[in-house]
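Okay, so here's the structure we're looking at.
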Amino acid sequence: VIATQAISDLSSTGIGQTSAIISYEPGSSDSSKPTQSNAVSTSVTLSFGDTVVFDDLEITLGSNISWTKLDNQFSDLDGADVIKIPVTIKNVGDETNSLNMFYCNFYGPDGNALDTMYLYFNDDNDVLTAGDMRPGATQQKYFHVLYNGDGNYYLELSQGFGNKIEIKLPIEK
């Protein structure tokens, strides 16, 4: 909620895309106050359970992750472990909207981009293949992420032009 307010404050003051970084670490000694410094983009670091508004969508990732296996004989990743991260998305804008798959990138503990898995799980409520939502509508879906060992995974939400939100996801199997 703090980060959401900070983003709103930046947008309303005109800082938005030009020069602010906001850091918010859950559990830090002074987490009630985001810090701001000059930089080239807007960046917010969040974790499980935090809520952020991005592209007129209110996004919350649940910490109650589960696991599945990729079952597709035509994929080189057949049999791979996949993390199911619950996500609740609400359209807080004035127009029909959905989470754009091109705005989402996952990175593994080694810092490398992970293969996209949503195409393999489009019938299993993956958020990136979910349909549009009218204003005020809510969806409860999943991100399907290729498991690449224990550690910190990152979901980067980015529209380009400096608008970037990073969500840190500490995952252990």
* To do: Report, by residue number, each residue of the stretch 146-173 that is among the aliphatic types (A, V, I, L, M) and within 21 Å of LYS90 (Cα to Cα).
  => LEU155, LEU157, ILE165, ILE167, LEU169
* Structure fact -> Reported set for the stretch 138-173 where residues are surrounded by 13 or more Cβ atoms within 10 Å (Cβ to Cβ), free of Cβ contacts under 8 Å to residues at least 60 places away in the same chain and not acidic (Asp, Glu) is GLN139, GLN140, LYS141, TYR142, ASN148, GLY151, ASN152, TYR154, SER158
* To do: Could you run through the stretch 125-156 and say how many residues are modelled with pLDDT under 90 and more than 23 Å from TRP67 (Cβ to Cβ)?
  => 1
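Return yes when TYR120 is open to solvent by 40 Å² or more (accessible area, probe 1.4 Å) and closer than 18 Å to SER47 by Cα and no when it is not. Before the answer, list the steps.
On the way: open to solvent by 40 Å² or more (accessible area, probe 1.4 Å): yes; closer than 18 Å to SER47 by Cα: no.
Here the answer is no, as TYR120 does not meet what is asked.
Every residue, every condition in (1) among the charged types (D, E, K, R); (2) under 24 Å from ASP81 (Cα atoms); (3) exposed (fewer than 15 other Cβ atoms within 10 Å of the Cβ); (4) in contact (Cβ under 8 Å) with a residue 60 or more places away in the chain, yes or no:
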| site | (1), (2), (3), (4) |
| --- | --- |
| ASN97 | no, no, no, no |
| ASN100 | no, no, yes, no |
| CYS104 | no, yes, no, no |
| TYR107 | no, yes, no, no |
| GLY111 | no, yes, yes, no |
| THR116 | no, yes, no, no |
| VAL127 | no, yes, no, no |
| ALA130 | no, yes, no, no |
* Looking at ASP78, ASP123, which is the one that is out of contact with any strand residue (DSSP E or B) (no Cβ under 7 Å at 6 or more places or on another chain) and closer than 20 Å to LYS173 by Cα? -> ASP78
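The values are calculated or read from the model by the stated rules, or taken from the named source; none is laboratory data. Just so it is clear, the structure is predicted and the values come from calculations on it, not from any experiment. Glycine also receives a Cβ, built like all others from the backbone with ideal geometry; neighbour counts cover every protein chain displayed. Side chains are part of the model used for accessible areas, which takes the heavy atoms of the whole protein and leaves out ligands, DNA and RNA. Shrake-Rupley method; radii C 1.70, N 1.55, O 1.52, S 1.80 Å.
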